[in-house]
Amino acid sequence: MVSAQAIKKQKKLKLIGAASCIGAQDTRCDMGPTIIRASNLESLLNQTGIDAEWENILRPKSSRSEEEAIVDLCNQLAKIIAKKVEMGHQFAVIGGDHSCAVGTWSGAANALKSAYPANSNPLGLIWVDAHMDSHTPQTSPSGAYHGMPLACLLDEGLQALREIGSKGAKLLAEHVCLVGVRSYESAEASLLKQLGARVFFMDEVKQRGLTAVMNDALSIVKNTTGFGISIDLDAVDPVDAPGVGSPTQDGLQAEQLIENVMRVKQQDNFIGIEITEFNPFRDVNNKTANLIIDLICATG
């Protein structure tokens, strides 16, 4: 069982890959974790004083359907994340498409709920994304699973993904916020509004600045047993991050995001980061790969 002391004093950074892009229309981001592992990230982190170690690169087992494959990968990921949280380790998950978030944050929530059963909402989450990822199968225009993970974590949508590790919501909306949103459909916006999740649209980020927005985001998530940050790289402007699954113009500046992620890690109850949707086939001069490395170093 994880202790409060373990959460506040993370001793190791565990690097975990989720090598699947079954949930996206462009399936080439499944190579992302392998590319990042080959980048000598572990050695770089250790050289800078961060005690880092690669764990598994997880892959879905062969299944009869896309849904079964995604559920399988999320179950694998949830188990390994829960174990790392229970041991008091910090984690960095490298996807894969963003459907892997169901596994990452279900695992974290399950571990924290087991340790603190009296706390009805142990997990907070900052969701950095150009999109809301809050569709259900009934509202999604494409049917792509990477557009549904946040809804599943909030106990909406596909039952098999809502019940990874345990039944019920892994997140309560009052401790969830989205940052950088600029491409979405009305149905998912209505769902998040109904549930009460805070959305910092890109217009607000531009008006107030990312630092001010992240200060508000931290106030939403930090009064929990533990919180994390989930980053879809399409939140970043394609000029700074061209190698993503769904490039979306007019996004966050990479340098500002790195600076603010460094501030996030200073919170005592920060437990981990997830970075998804890296498509190495679209990258230019390793801009996106280097951004991933910088973001992970920022949280170490």
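Observations on the model:
- Residues located in the range 144-157, provided they are closer than 18 Å to S190 by Cα and either in a loop (DSSP other than H, G, I, E, B) or hydroxyl-bearing (S, T, Y) (or both): M148, L154, D155, E156, G157
- Within the range 207-300, helices (runs of 4 or more DSSP H) holding 3 or more residues that are among the charged types (D, E, K, R) and either within 22 Å of S142 (Cβ to Cβ) or out of contact with any strand residue (DSSP E or B) (no Cβ under 9 Å at 6 or more places or on another chain) (or both): 254-264
- Filtered by the rule that a residue be in contact with a Pro (Cβ under 6 Å, 6 or more places away or on another chain) and among the β-branched types (V, I, T), the range 225-256 gives a lone residue, T225.
- Any hit, the range 113-126, residues being touching a Pro at 6+ places or on another chain (Cβ under 9 Å), part of a helix (DSSP H, G or I), farther than 21 Å from V181 by Cβ and not acidic (D, E): yes
- Hey, A92 of a type in the set (G, A, S), farther than 22 Å from Q159 by Cα and surrounded by fewer than 22 Cβ atoms within 10 Å (Cβ to Cβ) or not: no
- Matching entry among L257, L233 (being under 17 Å from A24 (Cβ atoms) and of a type in the set (A, V, I, L, M)): L233
- Residue that is surrounded by the fewest Cβ atoms within 10 Å (Cβ to Cβ) [pool: residues in the range 14-47 that are assigned to a loop (DSSP other than H, G, I, E, B), touching a residue at least 24 places away in the same chain (Cβ under 8 Å) and among the aliphatic types (A, V, I, L, M)]: A19
Values in this text are rule-based calculations from the coordinates and carry no lab data. This is a predicted model, so every value here is computed, not measured. Neighbour counts are summed over all protein chains in view; Cβ atoms, including those assigned to glycine, are modelled from backbone coordinates with ideal geometry.
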